[in-house]
Amino acid sequence: MAVAPNDGYTLLLHHIGMSTAPTLYRSLPYDPITDFAPIGLITSVPMTLVARKDFEPNTLAELAAYIKANGENVTYANAGIGSASQLCGMLLMDALDTQMTTVPYQGAGPAMTDIIGGQIDMICDQTTNTTSQIRAGEVKAYGVTTLTRLPNLPDLPTVKEGGLEIEIGVWHGLYAPAGTDAAIIAKLEASLQKALTNETVVSRFAELGTLPVTAEEATPAALTQTTASQIELWRAVIEAAGVYAD
Amino acid sequence: MVSNFSTKDLVSGGIFVAAGAYFAIEALNYETGTAFRMGPGFMPLLLGSVLVALGLGIAASGWKKPDAEKPLAPPWRGMALIIGVIVFFGLTIRGSGFVPVVLIGSFAAAMASRLNSPLFSIILAVALTVMCTLIFVVGLGMSVPMFGPGSGSRSAIMDIIASLGSGFSVALDPINIFYCFIGVLLGTLVGVLPGIGPTATIAMLLPITFSLSPATALIMLAGIYYGAQYGGSTTAILINLPGESSSAVTAIDGYQMAKKGRAGPALATAALGSFFAGTVGTLLLAFFAPPLARAALNFRAPEYFALIVLGLLVSIALAHGSILKALAMIVLGLLLGMVGQDIYTGQPRFTMGIHELYSGLNFVSLAVGVFGVAEILRNLENEKGRDVMVKAVKNLWLSKDDFKRIAAPVIRGTALGSVLGILPGGGHILASFASYSAEKRLSKTPEEFGHGAIEGVAGPESANNAAAQTSFIPLMTLGIPAHPVMALMVGAFILQGITPGPNVINDQPALFWGIIASMWIGNVLLVLLNLPLIGLWVKMLSIPYRALFPAIVLFACIGCFSINQNIYDVFAIGFFGVVGYVLIRFGCEPAPLLLGFVLGPLLEEHLRRAMIISRGDPMVFLERPISATLLGLALLAVIIAVLPSIRRKRKEVFVEDD
């Protein structure tokens, strides 16, 4: 992508991985800051803490106590190296100062299969993967990682309410290759803004448990700022955990 | 040969020793880990050592069996030109534009045959370039510049579907049937073309489904998937070019049938077997989806590991040559499957510092290389004998005797495929391989397998299609995608504002039942579409081979490149073409290699996961009843395979070498 033609027809929709890759991969062949021209943020998908339905703890406070007491006997699934669930797991273990046994999967689908099948204890994953399972009662939900409760899961408390200091959202942004003409970027920005206020887009996002960003955030400036500050934030977390992808 | 050794065994044994040593020594650089947390080095080190041992065994088995006949000289010029074309394609496709690359490439490929004059090669090159451009760039909307750096191209098909779609927005049923037809037609087409498989096609069409109603969109996308399962067997049978893992098995006997002038019956068997299996699979989906999906959840890491071990061991039947060589090919395949990033630690393995290899070797490149390109190189050895591939096409349709022979394999294949397809952890991959092994074991004439046995087409094709249908079960009832195509289907559901999961049946009954009903309609459409095409396909075989093979080389390159736009996928075709040619020349067959390749990553993934969850206790495989049973069956398979060779003083009952 970094070497794609900068004619405005080849774009990249990337997510939080843009900010973790520079630390996870010590020999990354591209630079997320200098090789891309940001267009704007799109959405930030909330994460939820869920477990197999017969998992002992019932509330977030009980969950925290249970993990602290059982440590490595608790199994935590993630959807692979660099996935949002891996990042959320790092934050969780850091916040509780306890190591769980991490079991990596190839993607969120297989990971969720084993949670529903009761083979793995828990996962922290995006609402796009968990909402339907939470509503169907296939998994036990403990909390959501946003500052406020979600409109389509109103009974689910935020992790802050439960006393856990974790805040993470899987932000998605739109990028063009570096060197794309400013007029093209402006046109793309305007199109993005328009798309994010489209009724169908808003309602589909809502059903998945997420919301489009505000007009101020769907701008090159906001995405530049987010990319840069998130790289710094994740550098600290990943280096503290000592987990690399190569 | 002066020595007492069989050159075939000595050389192939040597290749396995070298390859095993490379993987084992390289694996020493990676952590081996503990039983609880196996490191990225554990499996490759173990398998690499096993391969070295097998290689030594193969070399030793050639003692006192000097070669009977002198093999034909390798076609050096043809090989250099064809591999050159593949490398040239990979190096230039990004920068130089589609038309000049295909033009030069097909000219050079045509010159690989001594029967082609320069003038004929030029004419062929121009014709091929026009054809490839029409199919890939205009038809399928592949995004490559036509002439050097310049504008991209938009897909015509997509636009047509989209605009026709907006016209048909009144009556629901005709629309759905129409899109179902479009889906299966597109599926058949992409199945026939090597490379561009259902995954790439669904991914390309996903955006346009946004404007369709949910049922229509999903019906069409599902049609592409099972349509491709029908189409995939066509090129496997006609020109030994399997487009995906399932049709690799069909190629073994299907291509031999085609060579004997029985391409018609082979294609008809594939279509009829697939239809029967598709119907049964759909019925299962309709009546038993929820309980079956629940039951499949009991299949966990230890069970998958045991199932894969069983699959690997019974698949020795895939080869009709030496057991040792088949085992070595499986192990080599397992090791090749481990190239790329370790999913547990992210450690890149055997990537030689090449970033494009992080996601592993591409299955299609490997299959096209060891089957398609290797076959071309073999045919160039003796050109005069093989110019027109089909001796005499006897009949297009099945005889009464054929019908009798395929009935049981079709039913067994359907049963096997249906069961394996439900397992979300990769069961569908085993379906066609398992069916082939079963048919060969059950056959009264196992020596016919590998030489054009119709059962070897009927069983796997049915199994494969049954699995394709039942692999929708975990998705539709639990929201769990069983493989990448199903993951894309999840994307399609989400685009429509529906999150696939246990609620779909209750919340969206019309959608759920609509999709299921459409699958049967789609299967009917596929049979109606495919049977009349058989005559056309068979006619294609009367094209002289010297004109056909340059087209195969170019199609293979374009198809593999189009999957990920990764030039290393193109280089891999050339590399594995030579490897496949050399190995086949020295008596090793490629099918077990492919099985090992697709199962290798799963074997390691489930073994390591089972060990993490059991906290390093290997007894977990024996304590769980299903996994213990499967492992017991695997042991039984080994005993059955080994017993006769001991009893008859290693009289090599399994070697029916030609």
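Here are a few things to note about the model shown:
- Condition met for residue A:145 (within 13 Å of chain B (Cβ to nearest Cβ) and among the β-branched types (Val, Ile, Thr)): no
- Every residue from segment A:49-81 that is surrounded by 19 or more Cβ atoms within 10 Å (Cβ to Cβ), farther than 16 Å from residue A:143 by Cα and of a type in the set (Gly, Ala, Ser): A:77, A:79, A:80
- Condition check for residue A:58: assigned to a loop (DSSP other than H, G, I, E, B), more than 9 Å from chain B (Cβ to nearest Cβ) and modelled with pLDDT of 90 or more: yes
- Considering residues of segment B:329-359 that are aliphatic (A, V, I, L, M) and over 30 Å from residue B:623 (Cα atoms) only, the residue surrounded by the fewest Cβ atoms within 10 Å (Cβ to Cβ): B:352
- Residue within segment A:91-102 that is within 9 Å of another protein chain (Cβ to nearest Cβ), surrounded by 16 or more Cβ atoms within 10 Å (Cβ to Cβ) and touching a residue at least 60 places away in the same chain (Cβ under 8 Å) present: no
- When the residues of segment B:1-29 are filtered to those that are crowded, with 20+ Cβ neighbours inside 10 Å and not hydrophobic (A, V, I, L, M, F, W, C), the one that is modelled with the highest pLDDT is B:20.
- Qualifying positions in segment A:212-235 - of a type in the set (S, T, N, Q) and in contact with a Pro (Cβ under 7 Å, 6 or more places away or on another chain): A:224, A:227
- Segments classed as strands (runs of 3 or more DSSP E), wholly inside segment A:72-128, with at least 3 members that are touching a Pro at 6+ places or on another chain (Cβ under 7 Å): none
- Annotation: of all residues in segment A:119-128 being more than 8 Å from chain B (Cβ to nearest Cβ) and more than 22 Å from residue A:151 (Cα to Cα), the one that is farthest from the chain's Cα centre (by Cα) is A:121.
- Elements of the type helices (runs of 4 or more DSSP H) sitting completely within segment B:396-497 and holding at least 3 residues that are within 14 Å of another protein chain (Cβ to nearest Cβ) and among the small types (Gly, Ala, Ser): these cover B:484-495.
- Residue among B:216, B:250, B:235 that alone is more than 18 Å from the chain's Cα centre (by Cα) and in contact (Cβ under 8 Å) with a residue 24 or more places away in the chain: B:216
- Breaking point among (1) more than 11 Å from chain A (Cβ to nearest Cβ); (2) under 30 Å from residue B:554 (Cβ atoms), for residue B:358: (1)
- Selection within segment B:13-37 - under 19 Å from residue B:579 (Cα atoms) and touching a Pro at 6+ places or on another chain (Cβ under 7 Å): B:23
- Filtered by the rule that a residue be buried (at least 24 other Cβ atoms within 10 Å of the Cβ) and either part of a helix (DSSP H, G or I) or free of Cβ contacts under 8 Å to residues at least 24 places away in the same chain (or both), segment B:582-593 gives B:583, B:591, B:592, B:593.
- All helices (runs of 4 or more DSSP H) inside segment A:134-246 with 1 or more residues being buried (at least 21 other Cβ atoms within 10 Å of the Cβ) and among the aliphatic types (A, V, I, L, M): A:182-197, A:220-241
- Test: residue in segment B:251-267 that is among the small types (Gly, Ala, Ser) and surrounded by fewer than 24 Cβ atoms within 10 Å (Cβ to Cβ): yes
- Scan of segment A:186-230 for residues that are more than 14 Å from chain B (Cβ to nearest Cβ) and charged (D, E, K, R), ordered by number: A:187, A:189, A:194, A:216, A:217
The values are calculated or read from the model by the stated rules, or taken from the named source; none is laboratory data. Owing to the predicted nature of the structure, the values given are computational and were not obtained by experimental measurement. Positions of Cβ are generated from backbone atoms using ideal geometry, with glycine treated the same way; all protein chains shown enter the neighbour counts.
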